[in-house]
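As structure tokens, the structure follows; a few thoughts come after it.
The values are calculated or read from the model by the stated rules, or taken from the named source; none is laboratory data. Please read these numbers as outputs of a predicted model, since none were measured by experiment. Quick reminder, even Gly has a Cβ in these numbers, built from the backbone with ideal geometry, and neighbours come from all protein chains shown. Note: areas computed on protein heavy atoms with side chains; ligands, DNA, RNA excluded. Shrake-Rupley method; radii C 1.70, N 1.55, O 1.52, S 1.80 Å.
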Amino acid sequence: MSELLVYNTRARRKERFEPLEPGHVRMYSCGPTVYSAQHIGNLRPYLFADLLRRTLEHAGLRVTHVINITDVGHLTDDADAGEDKMEVAAKRTGRRAEELAAEYEQQWKRDCARVGCLPPHATPRASEHVPAQIEMARRLEERGFTYRIEDGLYFDVSKFPRYAELSRLDLAGQQGGARIGGVEGKRNPQDFALWKFAAPGVKRQQEWDSPWGRGFPGWHLECSAMSIQYLGQTFDIHTGGVDHIPVHHTNEIAQSEGALDVHPWVNVWMHEEFLDFRGEKMSKSKGNVYVLDDLVAQGVEPLAYRYFFLQAHYRQQQTFTDEALAAAATGYDRLVGLACELRRAQGDVDASRLEEPRSRFAEALCDDLNAPRAMAVVWQVARSDALSPAERWTLLAEFDAVLGLDLANAEPRAAQQESDPRIDAMVAGRDAARAAKEWAEADRLRDALAAEGILLEDGPEGTRWRRE
RNA sequence: GGCGGCGUAGCCAAGUGGUAAGGCACGGGCCUGCAAAGCCCUGAUCCCCGGUUCGAAUCCGGGCGCCGCCUCCA
């Protein structure tokens, strides 16, 4: 396999990837905040992380992958003001925060699995790692990075000179005030809460004792504490959305490097771009969300969405339109149809003929996970005249270990036969008419079914029908 | 106001100096009693203007348009 290059946000360029421990990669991906359903835009980060993991494994590396579940502390407003999203959702629905968290965590895990993501090696929950978060805040306090105000314990970014390094933000040029809003006593606009006190007189569903008082951990802290606990004081790769660069990841670095006195805490930062939904970002706050089940209700298979994802590079905004989705669904179905035929193929495989396409596929992936280029190779192989069916299948099966499109088992839609007594009878009637060469009657029955949206296909093994 | 990205055939989308991957759709063909499915064929000089270069979609400058972040968000 060729040399793997990945785009490191820290350097703003592609770099050769080399794990800290030879042969073993430790990676962490920012996971969902489980206060509501994850939509298909939210799925992109996990598809990306999964593609990265599979590519690393394809390259012969062992991977330990951790994705966190944020089920406490993520505020509705910003790092300082606003309410905890979990508490708000609980209030709105009249249910327990824990119950909601469990439900949305399950939904997220199920959707990830349906789009072919391998289960991470751990999915730690923030609420179950509060002591580790407190310990981290305590160390930061010991080392002089914090100050206490009425609202909570805060990280003082002026004590951390590298603060703007990842984001390359010109802090002075930021619109002042936006992030101080609502909190009295903050020293710098970028300072953020490590521990928030429960509001006076308010009994939260989720709150804990701490050296500073009863309350809950700030957002950001859970990712630092848990990634370190599961992956060590320094590790290889940390992934997330581009929106996390200026605040969430910047704060994670400040906390972690401040507490541990290490640098770099994380070697490679990788960020995926957003899904563009009909001209704007898909986001819960805009209300233009689409969940995986909405796609399924339209007859789109979950793995067709993965195929859709693979058609664009992860660092480019990808445009989601109904037409683009339909194109992906058709493309995926055809690829599955081809795979279905090829995987039954017998015959000799000339290993020397596999080398060229195999290396082009690997090269595409090794160039910062260029999945669209890899997919071009897939199609060239799938429809190649130069390769035998057995050779084509050998390659496709190999490629699918990285693509995760289930080419070894999936069945094309044409093969999925429905059954309905009334329709079956009409089809049988038409077959009888055809046998008697009564074409007018045969066409009448076909047209009648077509009017109901039912398509007939006459194949060597008889007539089958499907809706569309 | 600061920061980042994008603008390639009808749609999605690769390609960052040597004369444009791939998928989908459209049209044509083969196949079919007719269809469907499948297979084959067919299409772009790369937002505009100027510059650098033997040569630019790719580099530089200037426009226009769009998106994102800076404030919850992947």
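The criterion of being assigned to a helix (DSSP H, G or I), among the hydrophobic types (A, V, I, L, M, F, W, C) and in contact with a Leu (Cβ under 6 Å, 6 or more places away or on another chain) does not hold for A:Ala254. Every residue in the range A:230-281 that is of a type in the set (Asp, Glu), within 15 Å of RNA strand B (Cβ to nearest atom) and closer than 25 Å to A:Glu128 by Cβ, please. If the condition is that a residue be of a type in the set (Asp, Glu), within 15 Å of RNA strand B (Cβ to nearest atom) and closer than 25 Å to A:Glu128 by Cβ, then A:Glu252 is the only one that fits.
For the range A:130-140, the candidate set comprises residues that are touching a strand residue (DSSP E or B) at 6+ places or on another chain (Cβ under 8 Å) and more than 16 Å from A:Asn251 (Cβ to Cβ); within that set, the residue that is most open to solvent (accessible area, probe 1.4 Å) is A:Ile134.
Would you point out which residue out of A:Asp333, A:Asp322 is more than 6 Å from RNA strand B (Cβ to nearest atom) and surrounded by fewer than 17 Cβ atoms within 10 Å (Cβ to Cβ)?
Working: A:Asp333 fails: surrounded by fewer than 17 Cβ atoms within 10 Å (Cβ to Cβ).
Result: A:Asp322 is the single residue among A:Asp333, A:Asp322 that is more than 6 Å from RNA strand B (Cβ to nearest atom) and surrounded by fewer than 17 Cβ atoms within 10 Å (Cβ to Cβ).
Summed over the range A:341-384, the residues that are exposed (fewer than 14 other Cβ atoms within 10 Å of the Cβ) and outside any helix (DSSP H, G or I) give a count of 6. Taking the range A:243-256 as the range and being of a type outside the set (Ser, Thr, Tyr) and open to solvent by less than 10 Å² (accessible area, probe 1.4 Å) as the test, the residues that pass are A:His248, A:His249, A:Asn251, A:Glu252, A:Ala254, A:Gln255.
May I ask you to verify whether A:Trp212 is away from RNA strand B (no atom under 14 Å from the Cβ), of a type in the set (Phe, Trp, Tyr) and in a loop (DSSP other than H, G, I, E, B)? Explain how you work it out, then say what you get.
Details: away from RNA strand B (no atom under 14 Å from the Cβ): yes; of a type in the set (Phe, Trp, Tyr): yes; in a loop (DSSP other than H, G, I, E, B): yes.
For A:Trp212, the condition - away from RNA strand B (no atom under 14 Å from the Cβ), of a type in the set (Phe, Trp, Tyr) and in a loop (DSSP other than H, G, I, E, B) - is met.
Within the range A:289-310, the set of residues being outside any helix (DSSP H, G or I) and surrounded by 16 or more Cβ atoms within 10 Å (Cβ to Cβ) comprises A:Val289, A:Tyr290, A:Val291, A:Val300, A:Glu301. So, A:Asp151, is that one open to solvent by less than 30 Å² (accessible area, probe 1.4 Å) and more than 15 Å from A:Glu222 (Cβ to Cβ) or not? It is false that A:Asp151 is open to solvent by less than 30 Å² (accessible area, probe 1.4 Å) and more than 15 Å from A:Glu222 (Cβ to Cβ). Return a yes/no flag: does the range A:262-274 have any residue that is part of a helix (DSSP H, G or I) and buried (at least 20 other Cβ atoms within 10 Å of the Cβ). For the range A:262-274, residues part of a helix (DSSP H, G or I) and buried (at least 20 other Cβ atoms within 10 Å of the Cβ): absent.
In the range A:215-234, the residue that is most open to solvent (accessible area, probe 1.4 Å) out of those that are assigned to a loop (DSSP other than H, G, I, E, B) and in contact with a helix residue (DSSP H, G or I) (Cβ under 9 Å, 6 or more places away or on another chain) is A:Gln233.
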